[in-house]
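S.K.: Below is a structure I'd like to ask you about.
The values are calculated or read from the model by the stated rules, or taken from the named source; none is laboratory data. If you're wondering where the values come from, they're calculated on a predicted model, not measured in any experiment. Positions of Cβ are backbone-derived with ideal geometry, glycine not excepted, and every protein chain shown enters the neighbour counts. What goes into the accessible areas is simple: the full protein's heavy atoms, side chains included, and nothing from ligands, DNA or RNA. Shrake-Rupley method; radii C 1.70, N 1.55, O 1.52, S 1.80 Å.
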Amino acid sequence: MGVPLWMYLTVAAALFSIGMYGVLARRNAVAVLMGIELMLNAVNLNLIAFWRYQTPFNMSGQAFAAFVLVVAAAEVAVGLAIIIAVYRNRQSVEVEDVDMLKG
Amino acid sequence: MQCDNIINTLAPCLVQSGWNGDLANFISIFLGVVLVATFPLLVTIGLIWFERKFAARIQDRMGPNRVGPFGLLQPFADVIKLLGKENITPAGADKVIYNIAPPLMVMSVLLIWAVIPLTPIHVGMDLEIGALYFVSVASFGTLAVIFASWSSNNKYALLGAFRVVAQLISYEIPLAFALLVPVLLAGSMSLVDITNAQAGMWFVFMAPLSALLFFVSSQAETGRGPFDLLEAESELVAGFNIEYSGMKFALFFAGEFMHVFTNGVLMAVLFTGGYIGIGGIENSIPLLGLVFLLLKAFVWYLLALLVRNALPRVRIDQLMNFNWKFLVPVSIVNLVMMAFLFKVVQELGLAPAPGLENDFVANIPQTLVLFAGNVVLGLLILSVVRQNFRRERLEESAKSAIVPVGAGD
Amino acid sequence: MNFGEGLTPEAIAFGLFTLLTLGGAFGVVTTRNLVRGAIWLIVSLFGIAGFFVLLSAPFLASVQVLVYIGAIGILFSFAVMLTRGMTNLKERFNSQWWLAALAAVIAFMLLMVGVIIPVFGNTGAPVSDQVQTTVDLGVALVSGNQYVLPFEVASLLLTAAMIGAIVIAREDD
């Protein structure tokens, strides 16, 4: 292994920050969802990197990463379904337009 | 490793003749990749001729017979024609994605060959997750379809792609469930292990239903046979690849032909013992293993061609109903039953004793049990299907009985 | 860190995957065309799959490709194509985009200080001979004293999500 742990962590941190920017700054709901995917993947990368470098003798890192994958898949399915339902009702997928509950 | 045979040990040979070790390794791996990637493409050229001839005979035609003896050189003439055509990029197309899509299609098929054991000693890469790898690279094909249709900025292409993607994604499910049965029987996802586990008995005898399910859903994955909705010429103009011409179109075309044969190879590896021949002869002469593999693959390929040419195209709703209401439940029940029966066989001591796994006779008891389970399940499914269709027929006739005779005309 | 030992194939692969992952991520958050955004997302997640291979987790790499490229990427493309007007966004960012940028930079700094500095000097190779295989992962996921309960909950979650998605996205008839 020629690549040290901190390099993986740096990539993951950068990916997380980029994803966070996407979530906070984009107007379009689909783009926000994409940002969330990036953040989840940064977490996964961290989990696997720590697993490989610190505890390769037990499976918790990989198992947790697998659960994150499952949650991400479920989140995208429901999230996109909600976006399509909102689009059908309001002809818009801008996050700021969905303010029906605002007093 | 010593330099005894230049085909099997290229890198040590190069080092012996004074090459740098890393460079020699790189060159030998690179040549291996080139070989594995070129081989299916070369086979495809021959298969295109064969398929056209075969289809022609079924349709009572002559087929290609002008270029070369028996028209053997027809594919080459076609390639030259396609190379000479203008490469059109439609206005408003997303150029980068438009050009990525065709190679991606070919890649999705070529990558499968990386894990297929060609002979007992030649395999591109023996991944421990070979079966899963095959399912995941196949998803690149779906991606290529989406890229191609969206980037060509054409409504017909997009409509075609919606159909194709729905079909490809749906049929991946029974495909994966059928694939799990050989994995279960061999106790490994590596295609090499799966092949070796069939030294005593082919899995097609232990799990005929899974073989059938895999065959049907892989036929749908290639978009062939009764499932050729993706280029239903009479309905969709040409489907997702309508805007492609020349060599770019040829890549989609070659990808499809190669996919059909690759599915034959996968059937051979997963269900009919891959490179395993008669009496372990392939262990002494490894290249014979390749011959066995290709022969078996060719038989499955012939079957696929027969199905393609003999059955009429299904409608899109029939296609989806067939998958979600028939194939998916059947494949799930089949997997659960096989897992249960396999455990029962092991508990009862019917499985071959350690060391006898490769013996034909020792494998007979468990094969009989598993085969009987498959037959029972098959009969059960048939009776359920029959009941359903009978009820449907009765409803239909009841409906038509209400309408006065001749009122509809 | 020591580049003294030369560029190993692994370091080259690492650089390539970093480029794919971060480049793709930049594409996702800056593009005006969301179909392209979906493609950038696929590129980025493919890079992550590459990292998983480097970290000797081939099963997760394969699942990553299967789930993200085979399912989520295609789902995103479809959602974008089904809702019009997403291929040419006039306003990419909302009014507080600079605040978001600030937050992202601060988050990155915090992560660097809190997580990466402590392990920075640590260039030692990991214990590579004890790496567990896919078989061990399979056993861990179904053995009673490890992850069988989360595993079952995860499958329940997937079923619930599937039903929920169908109910939400279905047109009322």
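S.K.: Indicate the gyration tensor shape class of chain B (rounded, prolate or oblate), computed on the Cα atoms with a ≥ b ≥ c the square roots of the eigenvalues: a/c under 1.5 is rounded; otherwise a/b larger than b/c is prolate and the rest oblate.
M.R.: Numbers: a/c = 1.95, a/b = 1.10, b/c = 1.77.
Oblate is the answer for chain B, as a/c is 1.5 or above yet b/c matches or exceeds a/b.
S.K.: What total accessible area, in Å², is buried where chains C and A meet, using a 1.4 Å probe and rounding to the nearest 100?
M.R.: That pair of chains buries around 7200 Å² in total.
S.K.: With θ set to phi - 60° and the Karplus curve 6.51 cos²θ - 1.76 cosθ + 1.60, what are the ³J(HN,Hα) couplings of the stretch A:72-79 in order, to the nearest whole Hz, using x for Gly and Pro?
M.R.: Listing the rounded values in order: 4, 4, 5, 5, 5, 4, 5, x Hz.
S.K.: Expressed as a whole number of Å, what is the distance separating the alpha-carbon centroids of the stretch A:1-68 and the stretch B:236-275?
M.R.: A separation of 36 Å, based on Cα centres.
S.K.: Please compute the per residue accessible area over the stretch C:130-173 with all protein chains in place, 1.4 Å probe, rounded to a whole number of Å².
M.R.: Roughly 71 Å² per residue, with all protein chains present.
S.K.: Distance in nm between label sites at C:Glu171 and A:Asn89, each 7 Å beyond Cα in the beta-carbon direction?
M.R.: In this crude spin-label approximation the distance works out to 1.8 nm.
S.K.: Going by a ≥ b ≥ c, the root eigenvalues of the Cα gyration tensor, does the stretch C:1-89 fall in the rounded group (a/c under 1.5), the prolate group (a/b larger than b/c) or the oblate group?
M.R.: Oblate shape, in that a/c is at least 1.5 and b/c is the bigger or equal ratio.
S.K.: Can you order the peptides B:13-24, B:195-206 by their average number of other Cβ atoms within 10 Å per residue, highest first?
M.R.: Top to bottom by mean Cβ count within 10 Å: B:195-206, B:13-24.
S.K.: Let me ask something else about it. Can you pull the mean other chain C-beta count within 10 Å for peptide C:13-21?
M.R.: Other-chain Cβ atoms within 10 Å of each residue's Cβ, averaged: 3.
S.K.: Another question, then. Rounded if a/c is under 1.5, else prolate if a/b beats b/c, else oblate: with a ≥ b ≥ c from the C-alpha gyration tensor eigenvalues square-rooted, which is the protein assembly as shown? Mind showing how you got there, number by number?
M.R.: Details: a/c = 1.35, a/b = 1.10, b/c = 1.23.
Verdict is rounded for the protein assembly as shown.
S.K.: Give me a single rounded figure for C:145-158: the average over its residues of other chain Cβ atoms within 10 Å of their Cβ.
M.R.: Working: counts 0, 4, 6, 0, 0, 5, 4, 0, 2, 8, 1, 0, 6, 5.
Mean partner shielding for this stretch: 3.
S.K.: Listed here are the pairs B:Lys95/B:Lys155; B:Lys325/B:Lys399; B:Lys155/B:Lys248; B:Lys53/B:Lys296; B:Lys53/B:Lys81; B:Lys248/B:Lys296; which of them are more than 29 Å apart at the Cα?
M.R.: Pairs exceeding the cut-off: B:Lys248/B:Lys296.
S.K.: Is there a simple number for the mean count of other chain Cβ atoms within 10 Å of the Cβ of residues in B:156-166, and what is it?
M.R.: Values: counts 0, 0, 1, 0, 0, 3, 3, 0, 0, 3, 1.
Counting other chains' Cβ atoms within 10 Å and averaging over B:156-166 gives 1.
S.K.: Could you tell me which residue out of B:Phe249, B:Leu118, B:Thr142 lies farthest along the dipole of chain B toward its positive end? Charges go on the beta carbon: Lys and Arg +1, Asp and Glu -1, centred on the Cα centre.
M.R.: Positive-most Cα among the choices belongs to B:Phe249.
S.K.: Run the dipole for the protein assembly as shown about the Cα centre, Lys and Arg Cβ at +1, Asp and Glu Cβ at -1, nothing else charged, and hand back the magnitude in debye, nearest 20.
M.R.: My answer is approximately 1460 debye.
S.K.: Work from the charge dipole of the stretch B:282-355 (Cβ charges, +1 for Lys and Arg, -1 for Asp and Glu, about the Cα centre) and give the residue of B:Leu294, B:Ser284, B:Ile316 farthest towards its positive end.
M.R.: B:Ile316
S.K.: For C:Thr30, what accessible area in Å² do you get when you roll a 1.4 Å probe over the heavy atoms of the protein chains, rounding to the nearest 10?
M.R.: Counting only protein heavy atoms, C:Thr30 exposes about 60 Å² to solvent.
S.K.: Work through the residues other than C:Thr30 whose Cβ is under 12 Å from its Cβ and net out their charges, Lys, Arg +1 and Asp, Glu -1.
M.R.: +4
S.K.: Related question: Please give, to one decimal in nm, the separation of the simple spin-label points placed at C:Leu110 and A:Asp99, each 7 Å out from Cα toward the Cβ.
M.R.: 2.7
S.K.: Calculate one ³J(HN,Hα) per residue across the stretch B:15-21 by plugging θ = phi - 60° into the Karplus curve 6.51 cos²θ - 1.76 cosθ + 1.60, and present them in order as whole Hz with x for glycine and proline.
M.R.: Whole-Hz 3J(HN,Hα) from phi for the stretch B:15-21: 4, 4, 8, x, 8, 5, x.
S.K.: A follow-up question, please. If R0 is 35 Å, what FRET efficiency do you get for A:Gln54 and C:Glu152 from their C-beta distance, rounded to 0.05?
M.R.: After rounding, the FRET efficiency stands at 0.80.
S.K.: In whole Hz and in residue order, list the ³J(HN,Hα) couplings for the stretch B:186-197 that follow from phi through the Karplus curve 6.51 cos²θ - 1.76 cosθ + 1.60, θ = phi - 60°; x for Gly and Pro.
M.R.: 7, x, 7, 8, 6, 5, 5, 5, 4, 4, 5, 5
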